[in-house]
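Everything below concerns the one structure shown next.
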Amino acid sequence: MTAVPLATAPAPLSPVRGLLRRLARDTTYVLVGLPLALVGFVLAVVGISLSAGLLVTTLGLPIIAGFLYAARGLADVERLRLAGVQDRPRVRPVYRRPEPGAGFWRRVFTPIRDAQSWLDLLHAFVQLLVAVPTFVVLVVWWVLALGGTLYITYDWAIPRGAGHQDLSQLLGMGDGPGPRIVLNTAIGLFALFTLPLVARGCARLQAGLAYSLLTGVAEMRQRIVTLEEQKRAAASAEAVALRRLERDIHDGPQQRLVRLAMDLGRARHQLTADPEAARQTLDEAVAQTRETLDELRALSRGIAPPILVDRGLPSALAALAARALIPTELTLDDDLGTAAGRLDPGLESTAYFVVAEALTNVSKHSRATACRVEVTRKVGRLEITVTDDGAGGAHLAKGHGLSGIADRVRAAGGTLEVTSPAGGPTRIHAELPR
C-alpha cells in the first residue's frame, strides 16, 4: 500500500454564498419532496389495498413483497436527499437477504420479515402528511418574498375597479400608490429576510420524519455493532497484554526468584562449613536480585507508568523515545504539555500504549536506523504518526505486533492505517476521538 497525498481543502464559502446555497438546497428538497411523496403515497395505498384484497390467495404475498422492494427504492432516493439537508453521511440499513439457493417462497418472505422494509413502506404512506403543508408554506413564503419586494415594479398594472379597497386602506394607512407600495414592500422584505429560516424549518421537518423512519434505526443498529466491535477489540487487547505479561514474568523474574531462593538456601548451609563459598553465593544472590529488579522495571513499562499519570503524555512519550533502541525523534503539539492541554486519562493511556507498542515493533522487526513519532491534536481527534526507514512489509495480520495496536485503537473508537511497502519506509497513522 502506498501513501496517497491529501487533496487540498476547498476555500470556505462566504457567509452570503453559504446562506444562498443552503436556501437553494432546502428549497429544492422541499419542492421535490411533494412529487416523491405523491408517488410514495399512491404506491403504499395501491400496494396495501391490492395485497390485502388478494391475501386470501397466494398472489397477495408476492405482490406485497414487490411493493416493499419498490418502497425500498424510494427510501434509498430519500436517503440520498437527506445527506444534503442534514449534513450527515448516508447510512443505508442492512436489509435481510435471501440465502443462496433459496426457493421462490423464501425469497418472497425475505422482505416481509424485514422490519426496515415495513418502515420504508410506512414512510411512503405518511410522508405526504408533512410534504403538503411544508410545500404550501414554502411556496407562499417565496411568493410573498418575491412579490412583495418587486411590488413597486408592477403596482401600476394591477386592475382596480370601483369600490376596491387595498390592504393599506383597511389598515388605515391611506389611499394611493404610496401606502400600497410601502406596505407590500415591507411584507416582501420581511418574507425575504425570514425565507432562509422558513425554508430551513420546512426542510428539517420533512427530513426529520424521513430520518426517524429510514435512517435512525439503522444508525442505532450500526452504533450497537460498532460498540460490540470495540468491546471485543478491548477484550482482545487486554487478553494479549495479560498473556504477554504472564509469559514474561514466568520466563524472567519468576525463574530468577526461584534461583535466588536456591542460592540463599545453599548459602545458609555453607555458612558453617565454608564461609568463603557462602560469601560468593551471597554475592551471586545480590547480583540475581539486581537483575530481577531490572527485569521487573522493564516489565512495568507495559503498565501505565507513574510518569504518565503525574506529568502527562508528553513526558511519558519523551521517556519512551529516550529508551528506544532506534534513534527516535519526537514531535508534539505545544499545548499537550500544559495543564490546560491534558487529555482524558483513558485517551492518554491509549496514546501511550500505541506509541510504546509501535516503537517495540520498530526495534524488533523493522531493521530501521531512524524513527520519528509525531502527536498532534486536531479538532475532535488526536493523531499519532510513527514512521521509520526500515525494510517495510509490516501488516495488521493476527500474530504480528501491529495487531495489538489495531485492537487498542479500535477499542478506543479510532482508526489505524499502516503504509509499509516492501523496502520501506513504514508509516503507522492512528486517529483517536477525543
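The values are calculated or read from the model by the stated rules, or taken from the named source; none is laboratory data. Predicted model only: the values in this text are computed from it and were never measured. Positions of Cβ are generated from backbone atoms using ideal geometry, with glycine treated the same way; all protein chains shown enter the neighbour counts.
Worth a mention:
- Only one of ARG427, ARG381, ARG434 that is of a type in the set (Lys, Arg), surrounded by fewer than 19 Cβ atoms within 10 Å (Cβ to Cβ) and out of contact with any Leu (no Cβ under 6 Å at 6 or more places or on another chain): ARG381
- Filter result (surrounded by 17 or more Cβ atoms within 10 Å (Cβ to Cβ), touching a Ser or Thr at 6+ places or on another chain (Cβ under 8 Å) and without any contact (Cβ under 8 Å) to a residue 60 or more places away in the chain) within the range 322-331: ALA324
- Scanning the range 191-203 for residues that are hydrophobic (A, V, I, L, M, F, W, C) and without any contact (Cβ under 8 Å) to a residue 12 or more places away in the chain yields a total of 2.
- Single residue of the range 178-212 satisfying the filter (among the small types (Gly, Ala, Ser) and within 30 Å of PRO93 (Cβ to Cβ)) that is farthest from the chain's Cα centre (by Cα): ALA199
- When every residue of the range 285-297 is checked against the conditions, at least one turns out to be among the small types (Gly, Ala, Ser) and either modelled with pLDDT of 80 or more or outside the structural domain of ASP407 (by TED's automatic domain parsing) (or both).
- Residues of the range 40-87 that turn out to be touching a Leu at 6+ places or on another chain (Cβ under 8 Å) and under 15 Å from ALA210 (Cα atoms), as a count: 9
- Screening ASP310 on (1) modelled with pLDDT of 70 or more; (2) farther than 30 Å from ASP335 by Cβ shows it passes everything except condition (2).
- Long-range neighbours under 9 Å by Cβ, at least six apart or interchain, first residue modelled with pLDDT of 75 or more within the range 164-182, second hydroxyl-bearing (Ser, Thr, Tyr): GLY178/SER168; PRO179/SER168; ARG180/TYR151; ARG180/SER168; ILE181/TYR151; ILE181/SER168; VAL182/SER168
- Test: residue in the range 63-74 that is outside any helix (DSSP H, G or I) and either in contact with a helix residue (DSSP H, G or I) (Cβ under 6 Å, 6 or more places away or on another chain) or farther than 30 Å from ALA191 by Cα (or both): no
- Hits in the range 383-403 - residues which are in contact with a helix residue (DSSP H, G or I) (Cβ under 6 Å, 6 or more places away or on another chain), over 15 Å from LEU359 (Cα atoms) and at pLDDT 85 or above: none
- Taken over the range 404-429, the criterion of being closer than 19 Å to ALA351 by Cβ, modelled with pLDDT of 75 or more and of a type in the set (Gly, Ala, Ser) is satisfied by ALA406, ALA411, ALA412, GLY413, GLY414.
- Some residue of the range 401-411 being part of a strand (DSSP E or B), under 17 Å from the mean Cα position of the chain (by Cα) and under 20 Å from THR328 (Cβ atoms): no
- Look at the range 204-218: where a residue is within 18 Å of THR28 (Cα to Cα) and modelled with pLDDT of 85 or more and a partner is of a type in the set (Phe, Trp, Tyr) and part of a helix (DSSP H, G or I), sitting 6+ places away or on another chain with Cβ atoms under 8 Å, you get GLN206/TYR29; ALA207/TYR29.
- Some residue of the range 21-44 being touching a helix residue (DSSP H, G or I) at 6+ places or on another chain (Cβ under 7 Å), farther than 30 Å from THR194 by Cα, of a type in the set (A, V, I, L, M, F, W, C) and without any contact (Cβ under 8 Å) to a residue 24 or more places away in the chain: no
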